[in-house]
Amino acid sequence: MPGQPRVLLLKPLITSPLIEVGEFSYYDDPDDPTAFETRNVLYHYGPEKLIIGKFCALGTGTRFIMNGANHRMDGPSTFPFPTMGGSWSDNFDLLTGLPSRGDTVVGNDVWFGNGVTVMPGVRIGNGAIISTGSVVTGDVPDYGIVGGNPARLIRTRYHDEDIARLLAVAWWDWPIEHITEHVRTIMSGNITDLEIAAESASPTSPRSAEAPSAEPR
């Protein structure tokens with residue numbers, strides 16, 4: 001980002017086949033934002049993936065704990081003896097087949113505050129906001145605002161009907177030229193504005209000849 005060396009787009013930095021990041025998602029870190037893949041994605045031994053959508057904003061210290069962090073909990077000790085090597089490694093079968101919650105998936109246009117921790121297998125919906133310092137242990141709905149440890153749903157940003165409309169518009173999938181043309185609508189317009197902008201890309205849209213419906217801002 002011009003004039004902001006602490007803010008970098010993530011997609012060009014990713015080398016692991018187990019991490020996918022969409023266009024324009026960025027990470028902000030005053031120390032070393034280029035080290036996101038190793039400093040912020042922890043215990044990532046596979047095969048589970050971390051998938052982050054487009055246009056996500058990740059505050060400093062956003063961390064993803066992956067399934068490799070799991071320990072056995074069905075015996076007296078949770079200590080992972082075989083990982084220490086030596087003769088203890090003869091018991092490595094004790095570490096295979098540990099429970100997995102699957103891929104960690106972040107939708108599009110998600111805002112992470114500073115110091116957020118996301119636990120394994122969590123799914124975060126489009127348009128969500130994760131408050132500073134949250135520990136996300138469960139799924140977050142589309143356009144949900146969560147906070148706390150463990151993170152709880154504070155509220156949703158829109159009513160269910162409006163969330164469905166926003167998901168149908170899916171502005172993050174528009175061609176970049178169309179996004180550029182409608183940046184003000186995306187940032188400060190209402191849902192009807194977005195719907196009109198979406199349909200303006202298709203001159204044959206049936207609604208293009210209709211007057212826009214009124215919607216309070």
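The values are calculated or read from the model by the stated rules, or taken from the named source; none is laboratory data. Quick caveat, the model's predicted, so the values are computed rather than measured. Cβ atoms come from the backbone with ideal geometry, glycine included; neighbour counts cover every protein chain shown. Note: areas computed on protein heavy atoms with side chains; ligands, DNA, RNA excluded. Shrake-Rupley method; radii C 1.70, N 1.55, O 1.52, S 1.80 Å.
Rounded to the nearest whole Hz, the Karplus-based 3J(HN,Hα) values (6.51 cos²θ - 1.76 cosθ + 1.60, θ = phi - 60°) of the range 52-59 follow the sequence 10, x, 8, 6, 8, 10, 10, x, with x at glycine and proline. For the chain, modelled as a GNM whose springs connect Cα atoms under 10 angstrom apart, the maximal fluctuation among Gly68, Gly85, Gly113 occurs at Gly85. Using the Cβ of Val136 as centre and a radius below 13 Å, the other residues enclosed give a net charge of +3, where K and R count +1 and D and E count -1.
Annotation: His71 carries an accessible surface of approximately 80 Å², with a 1.4 Å probe and no ligand, DNA or RNA atoms counted. Phi-derived couplings, Karplus 6.51 cos²θ - 1.76 cosθ + 1.60 at θ = phi - 60°, listed residue by residue for the range 31-42: 8, 7, x, 6, 8, 3, 4, 9, 8, 10, 10, 10 Hz, with x used for Gly and Pro. Identify the residues of the range 103-129 with backbone N under 17 Å of a label point that sits 7 angstrom from the Cα of Leu167 along the Cα-to-Cβ direction, or state none. It comes to 105-110, 123-129, nothing else. Taking a Cβ cut-off of under 9 Å around Arg123, the surrounding Lys, Arg, Asp and Glu residues balance to a net charge of -2, with basic ones at +1 and acidic ones at -1. Taking the 1.4 Å solvent-accessible surface of the chain as the whole, the part contributed by carbon and sulfur is 56%. Scaled against the 2.2 N^0.38 Å expected of a compact globular protein of N residues, the Cα radius of gyration of the range 83-205 reads 1.47. Per residue, the chain exposes 57 Å² of solvent-accessible protein surface, assessed with a 1.4 angstrom probe and all protein chains in place. Between Leu42 and Ser77, residue separation times 0.36 nm minus the direct Cα-Cα distance comes to 10.4 nm. With helices as the sole contributors, the chain gives -4000 deg cm²/dmol at 222 nm; each DSSP H run of n ≥ 4 counts as -39500 (n - 2.57), and the sum is divided by every residue. Close amide H partners of Glu20, meaning residues 5 or more places away or on another chain with modelled amide H under 5 Å apart, are Leu50, Ile51, Ile52. Seen from all directions on average, the chain presents a Cα convex hull projection of 15.6 nm².
Taken one residue at a time, the phi angles of the range 162-171 give Karplus couplings (6.51, -1.76, 1.60, θ = phi - 60°) of 6, 4, 4, 5, 5, 5, 5, 5, 6, 4 Hz. Gly and Pro are set to x. Rounded if a/c is under 1.5, else prolate if a/b beats b/c, else oblate: with a ≥ b ≥ c from the C-alpha gyration tensor eigenvalues square-rooted, which is the range 95-156? It comes out prolate by the Cα gyration axes.
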